[in-house]
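Here is the structure we will look at.
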Amino acid sequence: MQLFSSLVIPICLLAAQILASDYHEQLVLKPLPQSALLASFNFRSNTSLAQFENHNFRYFPRSLGQILQYAGTRELHLRFSLGRWDAASWGARPWDGTKEGGTGVELWAWLEAETDEEADHKWLTLTNALSGLFCASLNFIDGTRTIRPVMSFRPEGDHLNITMANMHLLHGVLPREVVCTENLTPFLKLLPCKGKAGISSLLDGHKLFDASWQSMAIDIRPVCPAGEECILEIQQTIDMVLDIERSKRPRGNPIPRPVPGHELKCNSSKPYHDEHTCYPIGFVAGQEWSLQQIFGKSMHGTCPLTDPNIAPVCIQAPHSRDVFTSAGVKELKDPNFPQRCYIIPENEDFQIVLPSMQHVGENAKSDTDEYLEPDTPLLYAERSFTGHGQERGGVQTILTNPSPDQEVEFVYMESLPWFMRIYLHTLQARVLSGESGHLRKDEDVVEEIYYRPFLDRQRGTQLELRMRIPPQSTVFLTYDFEKTILRYTEYPPDANRGFDVAAAVITILHADQTKSTRAFSNLRTSGLLLNLPTPDFSMPYNVIIFTSTAIALAFGGLYNILVRRFVGQDEGPEVTLMVLRRKIVAVLSKVAGKLKRANRKEKAEGKTE
């Protein structure tokens, strides 16, 4: 089992060259099982700290740099994520999960401040500024959605000990945020080529947000190479898993329709196969795709500002896989790893085609000839709600260690909303060993607990657990909680949908790097949807209508009594039958006179004509 994702290998091999250059970009394509394709876009810019402090940004985006300087931010990590990573089918996450965030928007940063109050003020300034820059709702990350992690996150940059003493780590998440094209456009504007050339020209909102899983990441950290000047590095990453069949649909006709009979791919090895009976091959058959089909357009040359010594496009596939490219492209094969990279001319369009492979017949190919076997993750994690009713509930997290001989040590962190009141005494860890097959309660699994309780409408619950799972074992982590009844003004417009609970963050500590100052592997569970006791919002309208009607009736009667002048029968004018007859005759005579005058006028007009 490999500890690092295969995407990290080419980056580590070229680390020295990347640090030496001011701008670097690379696209790594990796076919996955079940007709999926992983596309990882990586953009990296460097600038010296001296130039950054003198406001000489060069390739570093000025709009973001000014925000960091004003808010006193020393290290920043921002994530926009959507979808769910299928670890059972796709294997280990790209970049070992370090470029991944929970569903929605996630932000954590190290701020330089003397006191906690000053750090909170700078955090508020940072979230509001980033909200306007990326067209996101980061300004809604208030005190109820902000925590201060203790064991989970560690600085990834090189910081001086004097600076670390005044640095404050703050973490906020918006699981309800919907990531869309409005967030992609500011992301591309931060790049030197602005999405007009190079690999960024392939990025399109229709394809990106139609992916089965996608994550946009921005990481800013200081790096101090040995014996060299310290630099400030910004790394922008976009990872997406595309469904090949869905991506190949034309944009003008995106609705899926049944495949015509003559285009069906059938498994001829079935005994009942004939011209009238077909067993569709589906994901078993090799997939044929090209860059034009997957992204809807070809790559427009290379960015002229990037390092020419770094191949802009690489594909991770077996060397036996057929790959065709445009003319004039230079191919570089790695003899130690199944990867090939391509040096592309600067002003020419680039196209790559992977033809379909025959899985039946004489020259049948296997799956190992089409794509690499996915790496086994260090840990599998599942999280769900338990219980029923509107008063109490529970959370169950299933953590599985697939390794047959190596235990896994990690930090499990949850940031829960204040209206989800957990009972810490109900926290239990039960272990299911693969050897015995018995479920037992084991208190040694949880080594350390950090718990910060909630305060109503001020802050949420912070729970961090340092755990260790034996080989080939599964841990069931459970606890109970109580639901809070909110004020009717605190419910969102779609209250019956539920409230989003942020994903749990798992930081895996490698056995030989436990004491290191860096976190090397991360994992996020899926988010949860919490149903709270929801009032019937139609009742206020019913009460308003009923109350308004009652008040109108009461006020109308009272007003009538106060204003109307009542006269006795003997004081009023005498109304007899003769008087009433005269009034009726007068009205009829008046109406008859009007009719006669109208007839005379019509006759006079007729004679004139």
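Structure notes:
- Backbone HN-Hα couplings from phi across the stretch 404-416 [Karplus 6.51/-1.76/1.60, Hz, Gly and Pro as x]: x, 9, 10, 7, 10, 10, 7, 10, 9, 10, 10, 10, 9
- Take each peptide in 133-146, 550-563, count the other Cβ atoms within 10 Å of every residue, and average; sorted highest first, the result is 133-146, 550-563.
- Value at 222 nm in deg cm²/dmol, rounded to 500, when DSSP H runs of n ≥ 4 in the chain each add -39,500 (n - 2.57): -6500 deg cm²/dmol
- Taking the Cα centre of the chain as reference, the dipole from Cβ charges on Lys and Arg (+1) and Asp and Glu (-1) amounts to some 4320 debye.
- Under 22 Å from the Cα of Lys601 - lysines, other chains or at least 8 residues apart: Lys590
- Label of the coordinate-derived value, P(r) over Cα pairs in 20 Å bins from 0, in percent, listed as (1) 16, 42, 24, 7, 8, 4, 0; (2) 16, 46, 31, 7, 0; (3) 16, 28, 33, 22, 1: (1)
- Here's how it looks for Val313: its modeled amide H is under 5 Å from those of Leu27, Tyr342, which are all 5 or more places away or on a different chain.
- Under-5 Å amide H pairs with Thr103, H placed in peptide plane, nonlocal only: Ala503, Gly527
- Rounded to 0.05, the FRET efficiency of the Phe385 and Ile584 pair, given R0 = 60 Å and the Cβ-Cβ distance, is 0.15.
- Under the span-like rule (Cα at least 18 Å along the axis, Kyte-Doolittle mean at least -1.0), DSSP H helices of the chain: 116-134, 538-563, 577-608
- Charge-dipole axis of the chain as Lys and Arg at +1 and Asp and Glu at -1 on Cβ define it, positive-most pick from Ser366, Trp108, Leu580: Leu580
- Under Karplus coefficients 6.51, -1.76 and 1.60, residue-wise ³J(HN,Hα) of the stretch 474-487 in Hz, glycine/proline x: 10, 10, 9, 9, 10, 7, 9, 8, 10, 8, 9, 8, 8, 6
- Reachable lysines from Lys270, criterion Cα separation under 25 angstrom, eight or more residues apart if same chain: Lys365
- Sulfur and carbon atoms: percent of accessible area, the chain [1.4 Å]: 54 percent
- Intensity falloff of the stretch 203-327 expressed as log10 I(q)/I(0), Debye formula with alpha-carbon point scatterers, at q = 0.10 Å⁻¹: -0.55
- Protection proxy ranking, highest mean first, for peptides 496-509, 56-69: 496-509, 56-69, where packing is the per-residue count of other beta-carbon atoms within 10 Å, averaged.
- Solvent-accessible heavy-atom area per residue, rounded to whole Å², over the stretch 380-518 at 1.4 Å: 50 Å²
The values are calculated or read from the model by the stated rules, or taken from the named source; none is laboratory data. Please read these numbers as outputs of a predicted model, since none were measured by experiment. Glycine gets a Cβ as well: all are built from the backbone with ideal geometry, and neighbour counts include every protein chain shown. The area values use the complete protein model at the heavy-atom level, side chains included, leaving out ligands, DNA and RNA. Shrake-Rupley method; radii C 1.70, N 1.55, O 1.52, S 1.80 Å.
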